[in-house]
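A short worksheet on the structure shown next.
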Amino acid sequence: MKPGGPKIVILTLVFLMLAALGWWMTGTLQRGTGAGQNDLALRPVPVAVAPIERGEIALKRSFSGELEAMAEFVVAPKVSGRVEKMEVAIADQVARGQVVAELDNDEYVQAVAQAQADLEVARANQSEAESALEIAAREFKRTESLLKRGIASDSQFDAVRQEQSARQAQLKVAEAQVAKARSSLETANIRLGYTQVAAGWTGGDDYRVVGERYADAGQTVAANTPLLLIVELDPIAGIIHVTEKDYAYLTPGQHVELTTDAYPGETFVGKIVRIAPIFSKSTRQARIEMSIDNPSHRLKPGMFISAMVELERLADAIIVPEQAVTRRADRSGVFIVSEDGTTVAWREVRVGIREGDRLQVTGEGLSGRVVTLGQQMVTEGARISIAQAQQAPQAPPANDGSTGDAR
């Protein structure tokens, strides 16, 4: 035997024994792990469930917007002058046609007096022209008679006829001057009336409210300078803007529920009255106007609002909790609980209207209960265990009429 031969043999045997031991331990561990996995696969998965409902569900959208006055009227004088008096202030109620401001009218009173005097002069000139024409007419008739008897000459007759024509023209001029003077007087009276500034809006309610005041007594204002802004507050207008996605669902007459930070917890009701036929190029949104009853004037222009609009409603829909819908292989679906409550089955669904945490779904075999918690741990046909709190309550024991312990 070669030197070192026994040592090589011993080392070889030890290596083989270690290899065999390692293989045996590896197999044992693998068998143990497989058994544990089988045990886990057979163990029921704890889940929470909820019933599938059938009933009404509505598609609602919430939009932010603001309130505006349904109508606005700017009170402005038609003539210039110094403001003598402002009859109303902010928040005062104003009737249609009410005088709300007065301007200094001295200049306009003088203009009326001047126009009246001019009219009197024109009337006097007219009277004088009428008298002159009457004299010319008598002279024309006398000369005409003399001409027929051969006493007057043709030249004399032509002269009196020309005089009569001149007097007739003078009378017409005098009459025109009277008409002009009368018109000037009417204009002066109108301008004098403009110093009494009235709130003469058209349409809408007969009473409105002063929203803003731009001038005070003592200020000198030019014609058409705004003095007051008068607004109509009942009804008041709500304005929102919607995108193309929601535009098609809106129609005039739809009811809207509105809330505002000024009155937390309170809901106001309005309806859509106008829908813009175009979209803004900058925002790609369309303007929607709503009418809101506001008899006590609690709602004010400029307030921010949140408008809840019902876009669509289904009377008989299949409804499940939102958390029941899960994804498998890029498809939406739910796990239906078997009648005995021990297993689940996967059902693909199409999601429709969402209302709060409720979803309208469509699909085959949608009845009974669905898994709402724990569906990530189950697959088709998996065993489940439902939480005790969700188990159907036991029927109460029958009442046999006894009131004490049996003896």
With a cut-off of at least 2 residues that are among the aromatic types (F, W, Y) and either farther than 15 Å from Q196 by Cα or within 60 Å of the chain's Cα centre (by Cα) (or both), name the strands (runs of 3 or more DSSP E) lying wholly within the stretch 78-183.
-> none
Out of the residues in the stretch 244-270 that are among the hydroxyl-bearing types (S, T, Y) and touching a residue at least 12 places away in the same chain (Cβ under 8 Å), which is farthest from S282 (Cα to Cα)?
-> Y263
Selection from the stretch 270-300 of residues β-branched (V, I, T), at pLDDT 95 or above and surrounded by fewer than 16 Cβ atoms within 10 Å (Cβ to Cβ) yields I275, I278
Do we find that A217 is among the small types (G, A, S) and touching a Lys or Arg at 6+ places or on another chain (Cβ under 7 Å) in this structure?
-> yes
Residue list for the stretch 346-357, restricted to those being out of contact with any Gly (no Cβ under 6 Å at 6 or more places or on another chain) and surrounded by 16 or more Cβ atoms within 10 Å (Cβ to Cβ) | G352, I353, E355
Residues of the stretch 100-132 being of a type in the set (A, V, I, L, M), exposed (fewer than 15 other Cβ atoms within 10 Å of the Cβ) and touching a residue at least 12 places away in the same chain (Cβ under 8 Å), which ones?
-> V109, V121
Selection status of P235, closer than 30 Å to A95 by Cα, buried (at least 16 other Cβ atoms within 10 Å of the Cβ), in contact (Cβ under 8 Å) with a residue 40 or more places away in the chain and not β-branched (V, I, T) = yes
Which one of these does L40 not meet: (1) surrounded by 10 or more Cβ atoms within 10 Å (Cβ to Cβ); (2) at pLDDT below 90; (3) in a helix (DSSP H, G or I)?
-> (1)
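The values are calculated or read from the model by the stated rules, or taken from the named source; none is laboratory data. Because the structure is a prediction, the values reported are computed rather than measured. Virtual Cβ from ideal backbone geometry, glycine too; neighbours counted across all protein chains shown.
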